Structure formats: C-alpha cells, structure tokens
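What follows is a single structure, written as structure tokens, with notes after it.
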Amino acid sequence: MLFPKTTFTISSIIFMIFASMFIASTTIIAKMLGSKEFGEPLNAFQISHSRFLFAFLIILTIFITRNIKFSSPNFKLHFLRSFSGWLGVSILFGASSMIPISDAIAINFTNPIFAMLLAVFILKERVGKLGWIAVLITFSGAILLIRPDFNYSSYEPMALISILGAIALGLEATLIKLLTKVENTIQILLLNNSFGLLISSIPIIYFWETPTMYQLSLCFLIGTIMICAQFCFLKAIRYSNVSFIVPFFYNTLIFVTIFDYLIFNTIPDKISAIGSFIIVFGGLVLYWKKYILIMLDKISNRK
C-alpha cells in the first residue's frame, strides 16, 4: 500500500487543508478592510481586534450553550500562545495591505520551518533527512510564488517584520501542540480568544477607526471564519506531529491564488501554477516519507 492506513494521519491532513482555506479567506478579507474601497482603511491592529472580538463571542456562546467545564487550564501557556498568535496575525494582516499579498503570505509562511525547529527542541520530535528535504521542497515553492525581486527596497522593512510574524506563528503552532495534549478543543479556543481579545484591546485605543456597516460585516465574517480555521488547525495538530502536519499549511498559498482570481480577477500565471505544484509535491513527499525510506532501504539492500 502506498498510502498510510492511519485514520488520524488522513484526518490531520484534511483538517489542515481546511484550515489553510479558511486562513486564506481571512487574509483576503483583511486586504479588503485595509483598502479604501469600502471606506476609510482599517488598521491591522483593529482588524486583528475584530477577529478576536467576534470569535470570542461565537465561541463563548457555544461554551455556555453546551455547558462545557474547565479542566485545569495552563493560563501561562495560553497567554504565551495567544500573544504569539496575535502578533503573527496582526503582522500578516498589516503586510497584506502594504505589500503584494502573495509576498506577504509567502514570507509569513516560513513559519512551518520555525515550527519544525521549535518542535525538535521543545517537543523532542524527530524529523529525519527526508522530512527536511520535503519541507525545503515546499518552501522553494513558496519562494517561487513570491517572485523574488531584490529591487523591493521600499518593502524591506515590512519583509523583515513579516519574518518576525512567521517566528511568532511558528511558536504558536508548537504551543498549540502542548495544549492539545492536556485540554479539549473548545476550552483552548475560548481561552485563546479571551486572551487575544484582551491583548488586542490595548493598541486598539490608539488605532480605532469607526467602521462602516459593510466593514463591520466583514469584521464579523473574519472572526467567524477564523474560528473555523482555529478549530481545524487544532484538530490537525492534535492528530499528528507538528513537524509532519505544519508544512501542509503551505496550501494556503494555493487558496490565496484561487481567491485572488475569484474576487480581484487576478489570473494565475505559469509561476503560480508551478509554485503550487511544487508545494503539493513537497506535501506528498512528507506524507509518503516512511514508504519512500522503506523503498530506498530495499534498493540499498539489493545492491
């Protein structure tokens, strides 16, 4: 059999693909909110705050109606995870409205590399040479989609800040894995959005801009979709190792390309197609790595 029979492995991949689709959607919406098309552009901090506010209200409603009880939460770990997520998402939303969205996404999505490094040191996960090769393949696809142009002198500061956001999201993914080992999904979602709302409410004092009704509806939509993304991401992390599943998050680049075409009528070119193919290929190598190693070992023994 070429494919693993493990149900959890297949489930984690499916959940991560859906998480990628939802995250791509929120990034496109953030770009819309940061433009002048629907009123005075909203600051990235306000967009991030709206994402936590509406997500918190939705998950709180679920928490109350289902009468779910807390089970010894690790508040320090939740706070660190929430701060890392808030910082990473705020930088992503800000970059999406300041530089080309493909550039912002590709730079920000170096976070699987940082997640894998942190998983090795913090979670003691083993990646292996083929695992690292697969990650480098997917990363090369992301770099291709960014269409590197070293004449982007005006974008350099934002690019450096985007790398900081990638590190923050890589740390968040590692902390999520620690939390999923001891706490249920709904509790993690509630505490994350509670802390995220508190943290994001501080800078909003200085960056508040009264949204139009259309912008308000988009803010609600971004919070709703983000809850779906968080739920799928948590499920994916719970069912698999961080070092295995996080690289599949590169599928977000593919969804961004599709949504960019559907909403902004941007036609994908050959580079987008090739970059997307490389990302998918890298993910498949990662999925099949144990079988590839077995095959290579058999070939080696025959020699």
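The values are calculated or read from the model by the stated rules, or taken from the named source; none is laboratory data. Not measured: the values here are computed from a predicted model. Virtual Cβ from ideal backbone geometry, glycine too; neighbours counted across all protein chains shown. What goes into the accessible areas is simple: the full protein's heavy atoms, side chains included, and nothing from ligands, DNA or RNA. Shrake-Rupley method; radii C 1.70, N 1.55, O 1.52, S 1.80 Å.
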Close pairs (6 angstrom Cβ cut-off, 6 or more residues apart or separate chains): closer than 13 Å to residue 229 by Cα and open to solvent by 20 Å² or more (accessible area, probe 1.4 Å) in region 7-32, part of a helix (DSSP H, G or I) and among the aliphatic types (A, V, I, L, M) anywhere: 15/236; 22/225; 22/229; 23/229; 25/225
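Determine whether residue 50 is open to solvent by 10 Å² or more (accessible area, probe 1.4 Å) and modelled with pLDDT of 90 or more.
Numbers: open to solvent by 10 Å² or more (accessible area, probe 1.4 Å): yes; modelled with pLDDT of 90 or more: yes.
Criteria met by residue 50.
Taking the conditions exactly as written (part of a helix (DSSP H, G or I) and exposed (fewer than 15 other Cβ atoms within 10 Å of the Cβ)), does residue 162 satisfy them or not?
Details: part of a helix (DSSP H, G or I): yes; exposed (fewer than 15 other Cβ atoms within 10 Å of the Cβ): no.
Criteria not met by residue 162.
Looking at this structure, is residue 189 over 16 Å from residue 15 (Cβ atoms), out of contact with any strand residue (DSSP E or B) (no Cβ under 9 Å at 6 or more places or on another chain) and not acidic (Asp, Glu)?
no
Please go through region 56-73 and give me each residue that is part of a helix (DSSP H, G or I), in contact (Cβ under 8 Å) with a residue 12 or more places away in the chain and out of contact with any Leu (no Cβ under 8 Å at 6 or more places or on another chain), ordered by number. Don't jump to the end; show me each part of the working.
Keep residues of region 56-73 that are part of a helix (DSSP H, G or I), which gives 56-65.
From what is left, the residues that are in contact (Cβ under 8 Å) with a residue 12 or more places away in the chain are 56-60, 62-63.
Result: 57, 58, 62.
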Scan of region 169-198 for residues that are open to solvent by 10 Å² or more (accessible area, probe 1.4 Å), aliphatic (A, V, I, L, M) and farther than 14 Å from residue 75 by Cα, ordered by number: 169, 171, 186, 197
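Taking region 53-64 as the search range and keeping residues that are among the aliphatic types (A, V, I, L, M) and open to solvent by 20 Å² or more (accessible area, probe 1.4 Å), which one is nearest to residue 222 (Cα to Cα)? Give the steps one after another, and end with the answer.
Filtering region 53-64 for residues among the aliphatic types (A, V, I, L, M) gives 53, 55, 57-60, 62, 64.
Narrowing the set further to residues that are open to solvent by 20 Å² or more (accessible area, probe 1.4 Å) leaves 53, 57-58, 60, 62, 64.
Details: 53: 10, 57: 13, 58: 12, 60: 17, 62: 18, 64: 22 Å.
So the residue we want is 53.
Which residue, of 227, 274, is open to solvent by 70 Å² or more (accessible area, probe 1.4 Å) and over 30 Å from residue 126 (Cβ atoms)?
Working: 227 fails: open to solvent by 70 Å² or more (accessible area, probe 1.4 Å).
Matching residue, one of 227, 274: 274.
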